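S.K.: My questions all concern the structure below.
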Amino acid sequence: MKKVEIYQYLRGVVILLVLLGHSLYMAAGGGYGGFSYFDLIQGDEAMKVNNALQLFVDMIYGFHMPLFMMISGAVYMYTRKEINTIKEVGGFIFKKAKRLLIPFVLVTLFWQIPLKAVSGYFQHDIKNAMFGQLLLFGNSHLWFLVVLFIIFVAVAFIEYFNITKISIIIAGACFILGFFLEGNMALLAFQYGIWFYFGVLFEKKLRAKTETGKLYPLKALLFVIVYVVVFFVGKQFFYEGFFQYIYTIITGIVGSVFTLYTTLVFKKLSWTIFEKIGNISFDLYLYSDSINYVILLVLATYYPQIYTTGIGVFVAYIMRFLITLFGAVIVGMIVKVVKRAIRRTE
């Protein structure tokens, strides 16, 4: 089936935002491993630049993963097929497990854990590696795959029992329930189901109207201004307790809208680089973040002075972004070559 161009463009834009977000952190982890390199940042100038970059990253984090989930929901709706039998439920779930869970397990075992182990993340504790990464009790950027799979399982049964009309009620109830759940990253499925539903709604009701509209640059600028205002007001007054959930809904929607209109500008200008990046966004997502751990180890060991000046902090940020971007592209190409070689020998 022909892909919808706007979704490919959006994937390209959003995965670049994800990489920009992942290229700044100086600490990661929790009860199942981790590290902190914050002590490397020395001096007022370096700290000011780092804080400015952190503000930029916080603004990205206000909407980029909700938008990724909305894209998943929209693409599902575009390719949707009826699920009327238990056999079709099983087939749908198996297909999604193959697409999402197998990459999650393989990349975790053969890429994420080894690179984190090399960086000293686990402190040579294999139990922390298994519980933290495979069971998602620790910090893993691959949580999205498991969460999306859980949502697809729910979608399969919603379709089977023909209760799609109350999907928004189910998604809203799960979103509220997610406020009271913590301890495992897979539980994020309860929170992200509502974004999946918003994506379904967008494909169903709004995409055609949006793409045939006009004044994309003006709309993009307008929603950028609204997002900035909402972000700072919310950060000041509504960033704790249950109000944080309301705040995340608003920032998620407004941020997604301005990204959509900005992406439509790129599409109108035929900046196909974003579409091409969108076509390999899955590889970028799978392989990029783990490279950060090795980069940070190298910088901390051999070039700690880079974090003692403002320009050094900025250069380190851009360098991490570029290395994780091109590193993931190369790894993805290698994996594809290996897959083709394996198929030829079968």
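S.K.: Would you report the distance distribution of C-alpha pairs in the stretch 61-106 as whole percents per 5 angstrom bin, up to the bin with the largest distance?
M.R.: 5, 18, 15, 24, 20, 11, 4, 1
S.K.: Give me SER119, SER36, SER140 sorted ascending by neighbouring Cβ count inside 10 Å, so fewest comes first.
M.R.: Fewest-to-most ranking of SER119, SER36, SER140: SER36, SER119, SER140.
S.K.: What's the exposure ranking of LYS219, LYS48, LYS165, going from fewest to most Cβ atoms within 10 Å? Let's see the in-between values first.
M.R.: Values: LYS219 19, LYS48 12, LYS165 8.
With the sparsest Cβ surroundings first, the list reads LYS165, LYS48, LYS219.
S.K.: How much length is gained if the chain between ILE86 and ILE168 is pulled fully straight, taking 0.36 nm per residue apart and subtracting their Cα-Cα distance, in nm to one decimal?
M.R.: Working: separation 82, 0.36 × 82 = 29.52 nm, distance 2.33 nm.
Taking 0.36 nm per residue and subtracting the Cα distance, the gain is 27.2 nm.
S.K.: Now for a separate question. Which order, highest average first, do 244-254, 14-24 follow once you tally other Cβ atoms within 10 Å for each residue and take the mean per peptide?
M.R.: Result, highest mean first: 14-24, 244-254.
S.K.: Return the sequence-ordered ³J(HN,Hα) values of the stretch 100-110 in whole Hz as given by the Karplus equation 6.51 cos²θ - 1.76 cosθ + 1.60 applied to θ = phi - 60°, using x for Gly and Pro.
M.R.: 10, 6, 4, x, 4, 5, 5, 5, 4, 6, 10
S.K.: Same structure, new question: Using r as the Cβ-Cβ distance of ILE102 and GLU45, and R0 as 45 Å, what FRET efficiency do you calculate, to the nearest 0.05?
M.R.: Efficiency, rounded to the nearest 0.05: 0.45.
S.K.: Can you tell me how the stretch 35-165 classifies by the Cα gyration tensor, rounded, prolate or oblate, using a/c under 1.5 as the rounded cut? Show your work: numbers first, answer last.
M.R.: On the way: a/c = 3.86, a/b = 1.71, b/c = 2.26.
In terms of gyration-tensor shape, oblate.
S.K.: Sequence-distant or interchain residues sharing an amide H contact under 5 Å with THR272, placed H: which?
M.R.: none
S.K.: Still on this structure, please answer the following. Take the cross-link list LYS96/LYS204; LYS214/LYS276; LYS81/LYS276; LYS235/LYS276; LYS276/LYS339; LYS3/LYS98 and give me the ones stretching past 30 Å between alpha-carbons.
M.R.: LYS235/LYS276
S.K.: Pull up the cross-link candidates among the aspartates and glutamates for LYS268, meaning alpha carbon to alpha carbon under 14 Å and not fewer than 8 places away within one chain.
M.R.: Those aspartates and glutamates meeting the cut-off are GLU5, GLU211.
S.K.: A further question on this structure: Can you list which of the DSSP-assigned H helices in the chain have a Cα extent of 24 Å or more along the long axis and an average Kyte-Doolittle score of at least 0.0?
M.R.: Passing helices, by number: 5-22, 44-61, 143-160, 216-237, 243-268, 281-302, 310-345.
S.K.: Could you tally the net charge around LYS81, taking each other residue with its Cβ under 10 Å from the Cβ of LYS81, Lys/Arg +1 and Asp/Glu -1?
M.R.: Residues near LYS81 contribute -2 overall.
S.K.: To continue, here is another question. With no solvent and one equal point scatterer per Cα, compute the Debye intensity ratio I(q)/I(0) for the stretch 223-320 at 0.13, 0.14, 0.16, 0.17 Å⁻¹ and report its log10, rounded to two decimals.
M.R.: Log10 of I(q)/I(0), two decimals: -0.84, -0.93, -1.05, -1.06.
S.K.: Under the Karplus relation 6.51 cos²θ - 1.76 cosθ + 1.60, θ = phi - 60°, what is the ordered set of whole-Hz ³J(HN,Hα) values for the stretch 27-39, x standing for Gly and Pro?
M.R.: Coupling constants for the stretch 27-39: 8, 7, x, x, x, 10, x, x, 7, 8, 10, 4, 5 Hz.
S.K.: Round to the nearest 0.05 the FRET efficiency obtained for LYS95 and LEU135 when R0 = 22 Å and r is the Cβ-Cβ distance.
M.R.: 0.40
S.K.: Can you sort ARG340, ARG11, ARG207 by how many other beta carbons sit within 10 Å, fewest first?
M.R.: With the fewest neighbours first, ARG340, ARG11, ARG207 line up as ARG340, ARG207, ARG11.
S.K.: If you compute Kirkwood radius over Cα pairs in Å for the structure shown, which of [x] 21.5; [y] 20.5; [z] 24.4 do you land on?
M.R.: [x]
S.K.: Report the chymotrypsin sites (Phe, Trp or Tyr not before Pro) located in the stretch 44-150 that are in a DSSP loop and have at most 16 other Cβ atoms inside 10 Å of their Cβ, or state none.
M.R.: none
Every number in this text was worked out from the coordinates using simple rules, so none of it is lab data. As the structure is a prediction and not an experimental result, all values here were calculated from the model. Glycine also receives a Cβ, built like all others from the backbone with ideal geometry; neighbour counts cover every protein chain displayed.
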